[in-house]
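Below you'll find the structure, written out as structure tokens, and then a few comments.
What follows draws every value from the coordinates through simple rules; no lab data is involved. Keep in mind that this is a model prediction, so the values were computed, not measured. All Cβ positions, even for glycine, are placed from backbone atoms using ideal geometry, and neighbour counts span all protein chains on display.
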Amino acid sequence: MGGRPKRKYERGAATAYISRNRARKKLQLSLPDFRRLCILKGIYPHDPSNKKAARKGGQCPQTFYLAKDIRFLLHEPIVNRFREYKVFVRKLRKAYGKAEWGTVDHMRDNKPNYTLEHIVKERYPTFVDAVRDMDDALSMCSLFSTFPRSGRCHVSSVQLCRRLTVEFMHYVIAAHAMRKVFLSIKGIYYQAEIQGQEITWVVPYTFSHNHATDVDYRVMATFNDFYTTLLGFINFRLYQSLNLTYPPKMEVVDNQVGGEVDYALENEELMERLAGLSGDVVRVVAADAGNEEAELDEFPVEGDDEGTEGKKRKEEAQRLQNLQNLFDGLKFFLNREVPREPLAFIIRCFGGLVSWEPTVCIGATFGVSDETVTHQVVDRPMVERTFINRTYVQPQWLFDCVNARMLLPTADYLPGAQLPPHISPFMKEGQGEYEPPEQLRLRALQRGEQMGQPTVEKTMEKEEEEETDGEQVDSEDGRGSDSGHEEMEEEEKEEENKLQEIEEKMQKKRKVRVTAGRVKEQNEERVAAEQALEEKRLALMAMRKKDRHLYSKIMYGRRKKEREANKLAVKRKAYEDTLKAAKKGKKRR
Amino acid sequence: MAAHVRQDSLPSVTRKRTNGSSEAGDELLLFANTSGGQDSKTCIDEDEDSSDEESSVYSGLEDSGSSEEEEDEVDEGRRDGYGSEDADDNTGDGQEYCESEQVHEVVGDGKLPERDVAADLPVPAENKPAEDEYECDTSDEEDIRNTVGNIPMEWYKEYPHVGYNLQGQHILKPLRTKDELDAFLDKMENPDYWRTVYDKNTDTDIKLTDEQVALIHRLQQGRFGDPNIDPYEPASEFFSSEVMIHPVTNTPAHKRSFIPSLSDKEKVSKLVHAIKMGWIKPRLPRDNTPRYYNLWASENPQAIMGRHGMHVPAPRVPLPGNAESYNPPPEYLLTEEEKLAWDAQEPQERKLNFLPGKFKNLRSVPAYARFVQERFERCLDLYLCPRQRKLRVNVDPEDLIPKLPKPRDLQPFPTVQSMVYKGHTNLVRSISVDPTGQWLVSGSDDHTLRFWEVCSGRCVRVVSVDGVVRSVAWSPNAAVCLVACAVNETVVLINPFLGDWLVCQGTDGLLASYTPPEEAPPQPATWAAADVTDNESGIRLTIRHSKPVKQVTWHGKGDYFAVVVAESGGCQVVVHQVTRRRSQAPFRRNKGLVQAVAFHPLRPCLFVATQRFVRIYNLIKQELTKKLMASCKWLSGLAIHPAGDHVICGSYDRRMTWFDLDLSTRPYKVLKHHRKAVRAVCFHKRYPLFASASDDATAIVCHGMVYSDLLKNPLIVPVKVLKGHQVTRDLGILDVTFHPTQPWLFTAGADTTVRLYS
């Protein structure tokens, strides 16, 4: 009993959270500095559990930070750097005003700057943590590396971003870490698996950006500061893990095509050559083929006598290896109009050899007329000069092959052909979402079922159509979308019809008769289903209120999803119908 | 004195300009001394005020800048005894300054202002006096033909002369007889017109010589005045790379060169001090390329540096779906209406933040216009968006459904509608089954009671009464055949003469055996035997109350029955004894409106349900034993489990509450099965069943097993939803009751039917 009386706002949410303004005052920083600090240190506002208490009875909405976070910022050495910078700017302005150019020069030389290594280490205590958070860093760096070398941000930062992304790409190539690629309308998505973490990043198409006025480039630059530091250290570590030298060097290639002596300045040429992605990077220890992939040992799993678990894992590993060597032994030549970098990157990731016109970029290793070229990637309707011993494909073929984890038939991807839809590889199977028929076909193909083979079947179908007015296509297509249940019902109906016909015939023969009462047929399945449904309904009645609420929420979400999927399915059906009608109309004419 | 004046010449200039030229001569003199250049300027272009100001400022600045030198000169001048020397010197300066401007003017006009030219040029020979003391003096070109000095020449406008020569004689103005025409003719005809300049001082035209013209040309071209100077002649290097054997100068080295310089020493010490104090930082080596190393060389996963448990990692950007593809399947493309709808939506409301598009090939894919914005938005999300850890329930909804025993295992319970009793013409308010289970009575708003045979569905008897039948109740005693029904203010006791004839006869006998007491005690209701006509229809007794009667319910023994009178505040519950024809009101007042009453099946207790509470009174001790808090707004009915320890109440706010009297006065379970108000509830006498009827025209049968083990809670499982009635006038089923022996359920609906479910 006794003790100090409890007062309001002395514990709980009122003290655990601190508003932004108060935090700023506590740190004695201006708002831009505070923002920069938050960005660099990864401090973000929290939504207090009890907003009213956190506001201490106030009415206006506020942003709250965790008081602990702010206390943690108090000891940040970088805050002092900010202050130094502020003083520096003030002094510089004064010197300018007095036109003391010598002082200005001197001060410029001693401009205070900060490093962010300690923050990286602090935010990511282990390497895996850092790798897990790479998504945004990579996307941002790839964006910055496409910025023009003037205007929006410092040239040095653009160059640094470019360097880091190229280094990372070389790592992905060397580690065979690429898993999925996707051509979206926003850019190209890549997904790599590094240290067991799935890293996804997006690279814009190589066009100039229309710089919007509603974007604060300073904020992005601050983020980029941190991300470049992070990415640099990650790159170093990744290179180390593969015994590659860092900074990367290209292995000397003799068979260079074209006179590229004066391609670039001497200091830039190395970078350009790296960015060409045509060759391997130098290793510290010479690569040993046997050493690279560790064999999977078998571990007996308890309660698993036949070793199915081990088998599964082995199969998985085998599949992965197949993917990693997808383009092994293939030689690609990229035409001028094809985006060179993403394609070269993908081909090299999956073990292919690639070259391009020497005028496009440095580092081309063979020319168009090389006899050993197996594929030429073309993105224009017709090619003037064709070689008979190579396949001409559109760039989407490469992407689809990677996502399908197998070499697809090239018939659909010939130059000028109408391409099959490009399916996102990021859709998970069996989440109640709509899956387009192409995806289903691809899945079947991957499972090794023969129902797929879309191209062969299609051609067959076309031939058949010509003969039989496309009746078979109807049935074929119908089977894909309908469930088996309906088929059964249809069969039953057919049988019934037959029985009825027979009965009618019999009735016609005999005129005088005594009809036996027909037993009302009961569909046992249906009855059972109805019963189960009723039981469920009754059980729902007996649910607790809380559970019922949650249940209805979940079911609402599911139903919504289902509705959307249905909508898409209906749209698809309508599209196919119109397509068919158009075909028929053509034929009649 | 002169130096002093010079120092504050600038303010004096302004003063002069404000006062005008009519200032006192003394001051003017001083003024002429200080800034002759400025004055000469004013005399040349008088109306150009702006240039005047400029020059004055300029001269003032120059004065302040070179005051030291001039002081020296002044001293020299004094020593020489030449007071005016200094002034002249100064004037010359000013003229030189003016000269450059004047040259430009010449270019513009094609005519030289003669004042300056005359000042600059060597004086022509014919005008020169013989004894020219300034002959060799080239720097100070004082015009010696006219001695008036540096004054505006218009002061002599009205005189015939323009000044005085050195001898003090008038210099007469030459005769000017030329008019404009002559001047023009002169200009046209005189071949030397272009080299003729007007001398203001002597008011004469001077023809420039060829040398003078050549000089002017040279000056205009920016060359040396002297044609003999060759600026490009080879220079002989004074200091050359070759080491000479002789020194350049033969002077001995000064002492200074052997002693360290004091001023240097001072400067150096200042710098050293500044470096020591950290005011000046030595230049840092600049290397912008960042250095990377193995940052995670010694990583300790246990060390959560600076971070706390409240860290919420940022959610990842959702991965792109098929709709984002550059070549999506056709169903993902938006139709025209969808596009319009998309456009009309707010950007933050849109499900897709882009418009799906299909491109025929990769080369036709354009840049995505909002790429930078989307990255920026992600940045904003990362550092500005408040985060909160939300417990995401990853529950399989099937797990939420309670695992109840299968209804099939809980049989028997009514499952199908097997009989419909039709006959009433208005809604049926109340039904009751006789204790043998053979007969059913229903009371309706069409002022009749109908007696039905349960199994055949035949209406065996119709009894008309004079009012709406609100409630009917068959006496639970199998030895008597008596039905109580509430009609308006009266309760009518009817002997329907159904079933065993002996029992019916016995009932009549029982009623007839009543002998009224000597003195009738005051009663809350009046008993009256039925008249002859009524007697024929089966009515035996009528009990009249002061207000309409809402409900009738029998005690288990069949002798007592309780009624609820719709009288607010007063005694709403009256208990009647049939054999002694006695009535008593157990409560003087009831709190709230009594909705229903019921007798405890075993103990002498009365349950009184008001709007929100159920009160249990012990009739022997005459006290309140329990007050059950039904968690609902308005109770509609109550039923008591045959064992007497459990009560269910229905309420108009859709709920049905189950009370376990041993457990608590709060409901053990609140069941919210119906979609509309619950009208009636009932327990089965033998089977563990209870039912509820509602306005949504359904009756729900639940399995309600009560265990004799006190530690085991009752098991309540809904087993069947019975449908069949129609909703009429927003009313569904009004009453429900179980068959006494079979698992059958009777319902009375507002659609004028009574139905049997078995």
Quiz prompt | Taking the C-alpha atoms of the stretch B:712-751, convex hull volume expressed per residue in Å³ | solution = 108
Self-check item: Shielding by partners, peptide B:310-318 (average Cβ within 10 angstrom, other chains)
Solution: 4
Exercise. Would you mind pulling out the separation of the Cα centroids of the stretch B:658-735 and the stretch B:611-656, in Å?
Key: 14
Self-check item: Separation in nanometres of the label points that stand 7 Å from Cα toward Cβ, at B:Ala274 and A:Lys573
Solution: 8.6
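Pairs A:Lys68/A:Lys111; A:Lys536/B:Lys633; A:Lys180/A:Lys331; B:Lys676/B:Lys712: which exceed 23 Å Cα-Cα?
A:Lys68/A:Lys111; A:Lys536/B:Lys633; B:Lys676/B:Lys712
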Quiz item: Which residues' amide hydrogens lie under 5 Å from the amide hydrogen of A:Ile194, considering only partners 5 or more residues apart or on another chain, with H built in the peptide plane?
Solution: A:Ile199
Quiz item: Measuring from label point to label point, each 7 Å out along Cα→Cβ, what is the B:Lys267 to A:Phe387 span in nm?
Solution: 7.2
Quiz item: When the Cα atoms of the stretch A:318-437 are enclosed in a convex hull and the volume is divided per residue, what value in Å³ results?
Solution: 119
Self-check item: FRET E, pair A:Asn110, B:Asn228, Förster distance 45 Å, beta-carbon r, rounded to 0.05
Solution: 0.20
Quiz item: In whole angstrom, how far apart do the alpha carbon centroids of the stretch B:333-357 and the stretch B:149-228 sit?
Solution: 90
Practice problem: Within 10 Å of each Cβ in peptide A:533-542, how many partner chain Cβ atoms are there on average? Round it to a whole number, please. | Solution: 6
Quiz item: Where q = 0.18, 0.19 Å⁻¹, what log10 of I(q)/I(0) comes from the Debye formula for the stretch B:217-339, counting one point per Cα?
Solution: -1.12, -1.19
Quiz item: Where does each of B:254-266, B:602-614 land if you order them by average Cβ count within 10 Å, highest first?
Solution: B:602-614, B:254-266
Quiz item: When only alpha-carbon atoms count, how far does the stretch B:288-439 stretch along each of its three principal axes, as whole angstroms with the largest first?
Solution: 104, 55, 28
Quiz prompt | GluC sites (Glu not before Pro) within the stretch B:498-576, DSSP loop, no more than 12 other Cβ atoms inside 10 Å | solution = B:Glu518, B:Glu519
Quiz prompt | Spin-label pair B:Val727/B:Met153, simplified geometry with 7 Å Cα→Cβ offset, distance in nm | solution = 12.1
Exercise. Can you tell me the alpha carbon radius of gyration of the stretch B:240-305 divided by the globular rule-of-thumb value 2.2 N^0.38 Å?
Key: 2.57
Exercise. Determine the equivalent ellipsoid of the stretch B:535-686 by diagonalising the alpha-carbon gyration tensor, then write out the semi-axes as square roots of 5 times the eigenvalues, largest first, rounded to whole Å.
Key: 26, 17, 16
Exercise. Using packing as a proxy for protection, rank B:240-246, A:526-532 so that the peptide with the highest average count of other Cβ atoms within 10 Å comes first.
Key: A:526-532, B:240-246
Quiz item: If you put +1 on each Lys and Arg Cβ and -1 on each Asp and Glu Cβ, how big is the dipole of the stretch A:47-129 around its Cα centre, in Debye rounded to 20?
Solution: 560
Quiz prompt | Shielding by other protein chains, B:282-290, mean Cβ within 10 Å | solution = 4
Exercise. Name the long-range amide H neighbours of B:Asn426: under 5 Å, sequence gap of 5 or more, or other chain; modelled H, no Pro or chain starts.
Key: B:Asp445, B:Asp446
Quiz item: Residue separation times 0.36 nm, minus the C-alpha to C-alpha distance between B:Ser418 and B:Asp179: what's the value?
Solution: 71.5 nm
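Cα-Cα over 31 Å: which of A:Lys98/B:Lys281; A:Lys41/A:Lys561; A:Lys56/A:Lys545?
Distance filter (> 31 Å) returns A:Lys41/A:Lys561; A:Lys56/A:Lys545.
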Quiz item: If the chain between A:Ser156 and A:Asp328 were fully stretched, how many nm would it gain, using 0.36 nm times the residue separation less the Cα-Cα distance?
Solution: 58.2 nm
Quiz item: For the stretch B:603-732, with equal point scatterers placed on the C-alpha atoms only and solvent neglected, what are the log10 I(q)/I(0) values from the Debye formula at q = 0.13, 0.19, 0.20 1/Å, to two decimals?
Solution: -0.52, -1.05, -1.14
Quiz item: How high is the FRET efficiency from B:Arg589 to B:Thr665, r the C-beta distance, R0 25 Å, rounded to 0.05?
Solution: 0.70
Practice problem: With r as the distance between the Cβ atoms of B:Met705 and B:Val532 and R0 = 35 Å, compute the FRET efficiency 1/(1 + (r/R0)^6) and round to 0.05. | Solution: 0.10
Quiz item: Using mean Cβ contacts within 10 Å as the protection proxy, how do A:343-356, A:539-552 order, highest first?
Solution: A:343-356, A:539-552
Quiz item: Based on the alpha-carbon gyration tensor of the stretch B:486-541 and its eigenvalue square roots a ≥ b ≥ c, which shape applies: rounded if a/c is under 1.5, prolate if not and a/b is larger than b/c, or oblate?
Solution: oblate
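Which of the residue pairs A:Lys314/B:Lys358; B:Lys557/B:Lys591; A:Lys312/B:Lys358; B:Lys550/B:Lys669 have a Cα-Cα distance greater than 32 Å in the structure shown?
Going by Cα-Cα distance, A:Lys314/B:Lys358; A:Lys312/B:Lys358 fall outside the 32 Å limit.
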Quiz item: For B:Phe239 and B:Arg389 in one chain, what is 0.36 nm times their gap in residues minus the Cα-Cα distance, to one decimal in nm?
Solution: 45.6 nm
